[in-house]
Amino acid sequence: SREAARKRRRVESDMFGHLSHLLPLQASVRQSLDRPSVIRLTLSYIRAHALLKGAGEVQGEVQEETRLFLSVLEGFLMVLSTGGDVVFVSENVSQHMGLTQAELMGHNVFEFTHPCDHEEIRTHLRLTAVCLKSLSVSGRYRVLAKGGGYVWVETHGAVVPGVQPSRSRPAAPQRLCVLCVTYVLR
């Protein structure tokens, strides 16, 4: 019936509102999110949380060190899956690219890099996945900027061990992520 549908939409809307308030974003950003963005960002934060799950007590110290590192870094940090999904990107990406953390997280890196660079990026992601911890890969790519057009960046990436096997899937292989330190070339 019409009343049941109205109630379902109201409950659904309340749930999305509650979920968006749980996201660690500024209130102004949270208010402008549509439903697909809420889902995309929620999934990204779950993946990032799972990646950091083993950090435990050290996490607070690491967060402070990361803040200090980002304040002196002329670039930003990005964590990509080996398939190119943006698991995490530091907030200061907006200072360099004009794109916000919320605009990038949960999307694939190929959505905002120049098409001519895609094959090289795929090769670098495959290299890091195969060589595990023993390899650091660097490359220069064109990345979409806020006002349109592309800017050149230099990225240095290395593998980060991913999600640990759980009790429900003890033999599941570890997923890997690539930690990228990215500098805008001026």
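Hey, rough spin-label estimate for Arg186 and Leu43, points 7 angstrom out along Cα→Cβ, what's it come to in nanometres?
Result for the modelled spin labels: 3.7 nm.
Just grab the label-to-label distance for Ala4 and Tyr150, each label 7 Å out from Cα along the Cβ direction, in nm (one decimal).
5.3
No value in this document is a laboratory result; all are computed from the given coordinates. Quantities reported herein were computed from a predicted structural model and do not represent experimental measurements. As a convention, Cβ positions derive from the backbone with ideal geometry for all residues, glycine included, and neighbour counts pool all protein chains shown.
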